Amino acid sequence: MLGAVPQVPGHGRSAVDKSGFLALLASYWSVSELTTNLIIFMNLLGALLLGALVGYERAYHGRAAGMRTYGLVCMASAGLTVIAGYPSFWYGGQHLQVAAIDPTRVMQGIVTGIGFLGAGVIMKEGLSISGLTTAASIWAASCIGVLIGVGFYAASILLAAMCALTMMWGSKIENWLPSHHAVAVQLSFKAGHTPELGAMQDFALKQGYELAHGSMAVSSHSGRPEWRFVVVVVDRLKAASLDVLARELQALDGVDSFALSHARN
């Protein structure tokens, strides 16, 4: 992780004595370098907290992207931005003879390529979306690699730890905080039956849910109406569990078949 080793004039291969290597290693862990890493870490921590705060608003309303997704994206964005402000501390304070390149252009190419990779793991099944947190974590991993590449080892270690903790504990914190979880519902009615939106809203309220605004999708196959929508928990303590909701839907007049799934991220 130390980058290029300086060339010794008159030799055909890279060489450095023991004292020179120790001095080079120490440059990556000097007081000034560690201070810069600490400043970067504080920026990353602040971005994680603020991003998670914005994500909590989405999680509270039962949206797909929650605290983990927003927190990881905000933190990775801050990491790629803040290191651009400390070029004099790249590569151990530039004690090495490095090529005259602009690392920010390399970073731009990395995050663009990683964006396409992250998009490949996002899956949409009906009204349920999965893979958003995985995509955000892939992008955060690219930020960790960039930090290592420019020599901010302490900040990259702390960023990796925060990413792991966010992915492990983020969902548990979301479940602990007040929130309105969402359930994707797909209903197929019997031929000739005309479902009513008001009746469906009343049914959802009796089970402790409400229809999410703008989530309704209506279609018809062979004369059988099909509805797809998302219901959001009104009160988590009073809302019916998925198995109870399935049992009540099965007994609902006019329903021929149905499918339920947690809206997840």
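The values are calculated or read from the model by the stated rules, or taken from the named source; none is laboratory data. Note that the structure is predicted; figures quoted are calculated from it, not measured. Glycine also receives a Cβ, built like all others from the backbone with ideal geometry; neighbour counts cover every protein chain displayed.
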- Residues located in region 30-56, provided they are more than 23 Å from residue 81 (Cβ to Cβ) and exposed (fewer than 13 other Cβ atoms within 10 Å of the Cβ): 31
- Note on the structure: Every listed condition ((1) closer than 30 Å to residue 28 by Cβ; (2) crowded, with 19+ Cβ neighbours inside 10 Å) holds for residue 182 save (1)
- Just for helices (runs of 4 or more DSSP H) wholly inside region 80-156: which have at least 1 residues that are modelled with pLDDT under 80, of a type in the set (A, V, I, L, M, F, W, C) and not assigned by TED's automatic domain parsing to the domain that holds residue 41? none
- Query: If residue 141 passes every condition in (1) closer than 23 Å to residue 122 by Cα; (2) buried (at least 19 other Cβ atoms within 10 Å of the Cβ) but one, which one does it miss?
  - Reply: (2)
- Of the listed residues (133, 112, 166), the one being surrounded by fewer than 19 Cβ atoms within 10 Å (Cβ to Cβ) and polar (S, T, N, Q) is 112
- From 27, 14, which residue is at pLDDT 75 or above and of a type outside the set (Asp, Glu)? 27
- Item | Unique residue being modelled with pLDDT under 90, assigned to a loop (DSSP other than H, G, I, E, B) and under 20 Å from residue 181 (Cα atoms) when the list is 260, 237 | 237
- In region 211-220, which residue that is at pLDDT below 85 and either in a strand (DSSP E or B) or not hydroxyl-bearing (Ser, Thr, Tyr) (or both) is farthest from residue 181 (Cα to Cα)? 214
- Considering (1) loosely packed, with under 14 Cβ neighbours inside 10 Å; (2) among the hydroxyl-bearing types (Ser, Thr, Tyr); (3) without any contact (Cβ under 8 Å) to a residue 40 or more places away in the chain, say which one residue 209 fails and leave the rest. (1)
